[in-house]
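The structure appears right after this line, and notes come after that.
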Protein chains: 2
Amino acid sequence: MSHVLDGIRVLDFSRVFAAPDSTQVFGDLGADVIKIETPDRGDSCRYLGVTREELEAIGPPSPSFRAFNRNKRSIALDLGAEAGRRVARRLVADADILVNNFRPGTMERWGLGYDELKEAHPRLIYCDFTAYGSEGPLSHIGANDLALQAHSGLMSITGEEGGGPVRAGAAIIDLHASLAIVSGVLAALYHREKTGRGQRVETSLLQSSAHFLSYFYQDYWLTGNLHERMGTANHLSVPNQAFPTSDGYVVIIAPSDEMWKRCAQALDAEKLDVERFSTSSERLRLRKEVIAAMSQVTMRFTKHELHEKLSAARVNVSIVQDIGEAADHPQLRAIGGVFDFETGGAPHRYIATPFRLSETPGTMRSPPPGLGEQTDEILRGAGYSAAEIDALRADGAFGET
Amino acid sequence: MSHVLDGIRVLDFSRVFAAPDSTQVFGDLGADVIKIETPDRGDSCRYLGVTREELEAIGPPSPSFRAFNRNKRSIALDLGAEAGRRVARRLVADADILVNNFRPGTMERWGLGYDELKEAHPRLIYCDFTAYGSEGPLSHIGANDLALQAHSGLMSITGEEGGGPVRAGAAIIDLHASLAIVSGVLAALYHREKTGRGQRVETSLLQSSAHFLSYFYQDYWLTGNLHERMGTANHLSVPNQAFPTSDGYVVIIAPSDEMWKRCAQALDAEKLDVERFSTSSERLRLRKEVIAAMSQVTMRFTKHELHEKLSAARVNVSIVQDIGEAADHPQLRAIGGVFDFETGGAPHRYIATPFRLSETPGTMRSPPPGLGEQTDEILRGAGYSAAEIDALRADGAFGET
């Protein structure tokens, strides 16, 4: 099967979530992704999010490492040693794309910054992924997903009405940044195909978060509105939130007057299909009344009954599922959203590439690598002889000998 | 200035958030984006999220429409009328990329489905963006961002510990899907440049949400873990959450033992830098104690004092900002994250393209268009004569005459 990125090599100096996820997408699309890891423990994501006991029970690496590192080869390289950096610089010569997420200045200190590499490698596409970008008053400050949920204002609009801040439960800013990297790098690759020239691609958790909040910022800039937390509701329309049922929650969203009418008639025409609730502006004004009346009605049904009733009436409805119900829901599999891949004789599931290409789909071809699993293979592929590899090892290129 | 997508034309049949945001990125990169809108009211996003009074005060369109629709031209076309569909099919002839977010089957009913178009237009890149994908048991059900926050399990891990579900305050699944569209379409465009062949690109709110939750699903599949809401905390490490200060909240994240030590010593070595808290596994086990001790200390400072103190100690720290503080923070502007653009004699700000390209940066060249503002210009560009345009108008191609 042909892939979009057949013949493209990615040199991946990144760790943890966002940037490794982006290079996994390149791997899905056919690129040869070389993951450079520190020799001692490798990407710290290998141990993240599970207890030692859980990790022993499932066998390493961690679930999150598995989620973000298929279709890669791993080389253990000590970038703190000159011998390690020398190898890295040699690997750059065969790379089309380089991705790193070190703090601003780190790659430069190692002689691996863009300005240093671009002259010898004018076709190189070089991606700097940072927390707050490489300039400005916060550029030197470390941050992660939660830090940007706080900084961006997302936490100020997430949580119970009148309550304190709450985080969105997944690392959404991290993973959004992954697709900003993918988008930027693919744009640069298309440009290179037309012009022969590479360039530098930059993005950051800050830009990822600002993209999420863009319409709130625009609203604030134009109207001065500072929206606040509203639990499961928002300021756009009513109903547009979670409602209780006899066995859990459903969300119901009926923004247009036509959809609201269908919703009211499907649920309880007498109680809900009243003149006072018939226009969207009145439903916004009478929000509390609408919600109270709706909740009394929804409590009479199970979540599955409501889902059936409202989806038949062409009203936006969804069940509030837990992680397991969501992961195992047949819909995801029906659209090719799950890769099945056997590893060590056991079947494993992975969430697929987040988009589908009819002629050149993303595929899973190899499981997440062990730390340094392909070190020698990668070095031989780069033209190093066995003797040279031994000499590098003695020089500490691959960590403690 | 040259742009990556100079000479590329995008035919945009999409409405509201995700897909319009994706075509805005194409516009930023230089594409000519033609937005096809219904003649009566156009994209409903034009009125979304503000009261009638607010909209009159700022002048239309709405803040969210402005956030997602720069660098486009608008044509008002009635796709319910055969004359309108005929024009759409003619516009396809000059398009490189087509994006739509109608329900599965709608474009097909209008003679605008991929299977019908691909033979005559083998270079066309055709993107179907839907809620749950185009196959499977839920494919016929309408949904929006909140519905997928519910379905995906995100709401089951967002909210106060022991409390009910809460939504992430922004339409994160929608906007994440935008970059999945951008990624998929750019991959297809690169492939076309190499092979001459277009293809179909598909993604959905469901795939966007699954990408966010991938590591939770992986954890569940491997360990059976069903994570639950933890307020501002998560299960990965301690401290990793919001803490109260004398004038608001900060988030503090110190996952490694080294960073924790720096954090403890910077704040209150006597109270926090104790043997019992020194390893990450012990901090996870003694979570409540660590949080309580930290909170007592953080309350003694203002949020800015804590930010200064902890960032100097190289600890991940961020202030929980409101929307206005975030929008106006100088860091965003320092990294080129804001486009300034004058419209109607007044200065306006827009959140920039979510990634930066050193040689071919995204730019803002035109403000969000009025409904049908370029209808005649677009038709003339497609080769229609004035008489033909009049005839089409009489046939109802542009809505009621």
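The values are calculated or read from the model by the stated rules, or taken from the named source; none is laboratory data. Keep in mind it's a predicted model, so treat the numbers as computed, not measured. Cβ placement follows ideal geometry from the backbone for every residue including glycine, while neighbour counts extend to all protein chains displayed.
Here's the yes/no breakdown for (1) within 20 Å of B:G136 (Cβ to Cβ); (2) more than 9 Å from every other protein chain (Cβ to nearest Cβ); (3) in contact with a helix residue (DSSP H, G or I) (Cβ under 7 Å, 6 or more places away or on another chain); (4) modelled with pLDDT under 95:
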{"position": "A:N240", "(1), (2), (3), (4)": "no, no, yes, no"}
{"position": "A:V250", "(1), (2), (3), (4)": "yes, no, yes, no"}
{"position": "A:K261", "(1), (2), (3), (4)": "no, yes, no, no"}
{"position": "A:Q265", "(1), (2), (3), (4)": "no, yes, no, no"}
{"position": "A:E282", "(1), (2), (3), (4)": "no, yes, yes, yes"}
{"position": "A:E289", "(1), (2), (3), (4)": "no, yes, no, no"}
{"position": "A:I319", "(1), (2), (3), (4)": "yes, no, yes, no"}
{"position": "A:E325", "(1), (2), (3), (4)": "yes, no, no, no"}
{"position": "A:P330", "(1), (2), (3), (4)": "yes, no, no, no"}
Task: Elements of type strands (runs of 3 or more DSSP E) in the stretch B:289-401, at least 2 residues being closer than 22 Å to B:C45 by Cα - done: B:338-343, B:346-351
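Could you say which residue among B:R123, B:R66, B:R89 is in the same structural domain as B:A382 (by TED's automatic domain parsing), surrounded by fewer than 21 Cβ atoms within 10 Å (Cβ to Cβ) and not in a loop (DSSP other than H, G, I, E, B)?
On the way: B:R123 fails: not in a loop (DSSP other than H, G, I, E, B); B:R66 fails: surrounded by fewer than 21 Cβ atoms within 10 Å (Cβ to Cβ).
None of the others qualify; the one that does is B:R89.
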- [ ] Taking B:L148 as the residue in question, decide whether it is out of contact with any Pro (no Cβ under 8 Å at 6 or more places or on another chain), assigned to a helix (DSSP H, G or I) and assigned by TED's automatic domain parsing to the domain that holds B:F13.
- [x] yes
TODO: Give the residue, chosen from A:E202, A:E270, A:E193, that is closer than 26 Å to A:F65 by Cβ and charged (D, E, K, R).
DONE: A:E202
Open item on the list: Condition check: surrounded by fewer than 17 Cβ atoms within 10 Å (Cβ to Cβ), assigned to a helix (DSSP H, G or I) and either of a type in the set (D, E, K, R) or at pLDDT below 95 (or both). Does B:E228 satisfy that?
Closed with: no
Open item on the list: I'd like the full set of residues that are under 30 Å from B:F216 (Cα atoms) and more than 7 Å from chain B (Cβ to nearest Cβ), limited to the stretch A:205-231.
Closed with: A:L205, A:S209, A:E228, A:M230
Task: Filter result (at the interface with another protein chain (Cβ under 10 Å from one of its Cβ atoms), hydrophobic (A, V, I, L, M, F, W, C) and within 15 Å of the chain's Cα centre (by Cα)) within the stretch B:17-59 - done: B:F17, B:V25, B:F26, B:C45
Task: the stretch B:1-29: number of residues that are among the small types (G, A, S), touching a residue at least 60 places away in the same chain (Cβ under 8 Å) and part of a loop (DSSP other than H, G, I, E, B) - done: 2
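Return yes when A:L286 is farther than 27 Å from A:D40 by Cα and hydrophobic (A, V, I, L, M, F, W, C) and no when it is not.
Values: farther than 27 Å from A:D40 by Cα: yes; hydrophobic (A, V, I, L, M, F, W, C): yes.
In short, yes.
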Task: When residues of the stretch B:126-137 are limited to those that are in contact with a Leu (Cβ under 8 Å, 6 or more places away or on another chain) and part of a loop (DSSP other than H, G, I, E, B), the one surrounded by the most Cβ atoms within 10 Å (Cβ to Cβ) - done: B:Y132
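Among B:A168, B:A180, which is the only one that is buried (at least 24 other Cβ atoms within 10 Å of the Cβ), under 24 Å from A:T353 (Cβ atoms) and touching a strand residue (DSSP E or B) at 6+ places or on another chain (Cβ under 8 Å)? Steps first, answer last, please.
Working: B:A168 fails: touching a strand residue (DSSP E or B) at 6+ places or on another chain (Cβ under 8 Å).
Selected residue: B:A180, the only one of B:A168, B:A180 that is buried (at least 24 other Cβ atoms within 10 Å of the Cβ), under 24 Å from A:T353 (Cβ atoms) and touching a strand residue (DSSP E or B) at 6+ places or on another chain (Cβ under 8 Å).
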- [ ] With respect to A:R276, determine if the residue is under 29 Å from the mean Cα position of the chain (by Cα) and under 30 Å from A:L306 (Cα atoms).
- [x] no
Task: Restricting the stretch B:200-225 to residues that are outside any helix (DSSP H, G or I) and under 25 Å from the mean Cα position of the chain (by Cα), the residue that is farthest from A:Y190 (Cα to Cα) - done: B:S204
- [ ] State whether the residues of the stretch A:174-189 include one that is aliphatic (A, V, I, L, M), in a loop (DSSP other than H, G, I, E, B) and more than 8 Å from chain B (Cβ to nearest Cβ).
- [x] no
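State which residue is farthest from the other protein chains (Cβ to nearest Cβ) when the search covers only the stretch B:151-173 and only residues that are among the hydrophobic types (A, V, I, L, M, F, W, C) and in a loop (DSSP other than H, G, I, E, B). Before you say what the answer is, go through the steps one by one.
So the first thing to find is which residues in the stretch B:151-173 are among the hydrophobic types (A, V, I, L, M, F, W, C), and the list is B:154-155, B:157, B:166, B:168, B:170-173.
The next check asks that each one be in a loop (DSSP other than H, G, I, E, B); those that pass are B:166, B:168, B:170-171.
Details: B:V166: 6, B:A168: 4, B:A170: 5, B:A171: 8 Å.
Taking the candidates together, the pick is B:A171.
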Task: Complete set of residues in the stretch A:308-325 that are among the small types (G, A, S) and either in contact (Cβ under 8 Å) with a residue 40 or more places away in the chain or touching a Phe, Trp or Tyr at 6+ places or on another chain (Cβ under 7 Å) (or both) - done: A:A312, A:A313, A:S318, A:G324
- [ ] For the stretch A:348-363, state whether one or more residues are farther than 28 Å from B:E228 by Cβ, exposed (fewer than 15 other Cβ atoms within 10 Å of the Cβ) and away from chain B (no Cβ under 11 Å).
- [x] no
TODO: Please go through the stretch B:92-116 and pick out each residue that is outside any loop (DSSP other than H, G, I, E, B) and in contact (Cβ under 8 Å) with a residue 40 or more places away in the chain.
DONE: B:V92, B:I97, B:L98, B:V99, B:N100, B:M107, B:Y114
TODO: Kindly list the number of the only condition in (1) outside the structural domain of B:P137 (by TED's automatic domain parsing); (2) part of a loop (DSSP other than H, G, I, E, B); (3) of a type outside the set (S, T, N, Q) that fails for B:R197.
DONE: (1)
